[in-house]
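Colleague: First the structure, which I've put down as structure tokens, then a few questions once you've had a look.
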Amino acid sequence: MCEHHPTLPASTPRLGRRAVLRGLGLTGLGLATAGGLAQVTATRAAAAEVSQNGWPAAPDLPLSTLTVDGVGFPPGIARGAPHVILGWVARQLAERVEAPVDPGCWGFSYRPVTGGTALSNHASGTAIDYNAPQHPIGASGTFTTAQVAEIHAIVASCDGVVRWGGDYSGRKDEMHFELNRPPGAAVDAVAAKLAGGTPPRPTIREGSQGAAVRDAQTLLNAKGGYGLVVDGIFGPATTAAVRDFQAASGLAVDGIVGPATWAALEA
Ligand SMILES: [Zn+2]
């Protein structure tokens, strides 16, 4: 149902463009104002589009960043329930199936299903590709039997709203996980359940180590271009980046990544 993204750079031009547009105040409807009637029409047409699973799709869809064990899923996931559910799936895959590789994990991509005209669920930010190089589209048996059992257990925990591309009846896509229900109560219920079962991000500070630090370093680099080494060790350079990010985000500047700073990093 999807494409993989073997040639996309980790930092896509789309994000850069959005950032520039945001800086100029030209995002969303502002873009149409600046661009005239043709772009007004294009904006309205885009707003009515949905991907194959019924979720709103658009080239400039608002996204939330997803990072798991220091590996991003650029350029992000649709905000709200899709981010909660697919984020949970990705973290479970990392813990129970195999570690994420970078580059190799992907989120939003505005394009049709390969070989078709319907918009891919990546175009609505409701699909992820996990370790694409290890699990190429069309290949079967790229996971062991034990890994497949874990994947099926993870998907089962999502109460029928998530589908794995390895379970497609046609061409397999074992890297691919997607929402397969439209927006609504079923998806919201699963998101609420999974969010309730997800421990909040730990508060980390200089001296902290581990996966949460790697995630913070990855997010700081993505949001602020700090060029931190993603080593999971919270040292002086990470503290300086956190303080700078906090100042730029209007947060209290203490160099500690607590709930408010996590929220800003993952927005
Ligand atoms: Zn995919």
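The values are calculated or read from the model by the stated rules, or taken from the named source; none is laboratory data. Worth saying up front: this structure is predicted, and the values here are computed from it rather than measured. Please note: Cβ atoms are built from the backbone with ideal geometry, for glycine as well, and neighbour counts cover all protein chains shown.
Colleague: Looking for something within 16 Å of the ligand (Cβ to nearest atom), basic (K, R), assigned to a loop (DSSP other than H, G, I, E, B) and within 29 Å of A132 (Cα to Cα) - is there at least one such residue anywhere in the range 170-177?
Modeller: Yes, there is a match, as at least one residue in the range 170-177 is within 16 Å of the ligand (Cβ to nearest atom), basic (K, R), assigned to a loop (DSSP other than H, G, I, E, B) and within 29 Å of A132 (Cα to Cα).
Colleague: Further, regarding this structure: Can you tell me which of (1) away from the ligand (no atom under 16 Å from the Cβ); (2) assigned to a loop (DSSP other than H, G, I, E, B); (3) under 19 Å from the mean Cα position of the chain (by Cα) is the one V190 doesn't meet?
Modeller: Result: V190 passes all but (2).
Colleague: Of V84, V89, V101, V113, which residue is farther than 20 Å from A192 by Cα, of a type in the set (A, V, I, L, M), in contact (Cβ under 8 Å) with a residue 24 or more places away in the chain and surrounded by 17 or more Cβ atoms within 10 Å (Cβ to Cβ)?
Modeller: V113
Colleague: Can you name every residue in the range 67-83 that is closer than 22 Å to A186 by Cα and either not assigned by TED's automatic domain parsing to the domain that holds V190 or not in a loop (DSSP other than H, G, I, E, B) (or both)?
Modeller: If the condition is that a residue be closer than 22 Å to A186 by Cα and either not assigned by TED's automatic domain parsing to the domain that holds V190 or not in a loop (DSSP other than H, G, I, E, B) (or both), then I77, A78, A81, P82, H83 are the ones that fit.
Colleague: Would you mention how many residues in the range 137-167 are over 23 Å from G197 (Cα atoms) and either among the small types (G, A, S) or within 11 Å of the ligand (Cβ to nearest atom) (or both)?
Modeller: Summing the residues that are over 23 Å from G197 (Cα atoms) and either among the small types (G, A, S) or within 11 Å of the ligand (Cβ to nearest atom) (or both) in the range 137-167 gives 8.
Colleague: How many residues does the range 85-132 hold that are away from the ligand (no atom under 13 Å from the Cβ), under 18 Å from P183 (Cα atoms) and at pLDDT 95 or above?
Modeller: 3
Colleague: Something else about it: For the subset of the range 111-166 comprising residues that are assigned to a loop (DSSP other than H, G, I, E, B) and aromatic (F, W, Y), which member is nearest to the chain's Cα centre (by Cα)?
Modeller: Y130
Colleague: List the residue pairs whose Cβ atoms are under 6 Å apart, where the first residue sits in the range 147-171 and is at pLDDT 95 or above, the second is in a helix (DSSP H, G or I) and among the small types (G, A, S), and the two are 6 or more positions apart or on different chains.
Modeller: As it stands, the answer is V161/A186, since those pairs meet every condition given.
Colleague: Kindly evaluate T198 against the criterion of being of a type in the set (S, T, N, Q), under 18 Å from the mean Cα position of the chain (by Cα) and in a loop (DSSP other than H, G, I, E, B).
Modeller: yes
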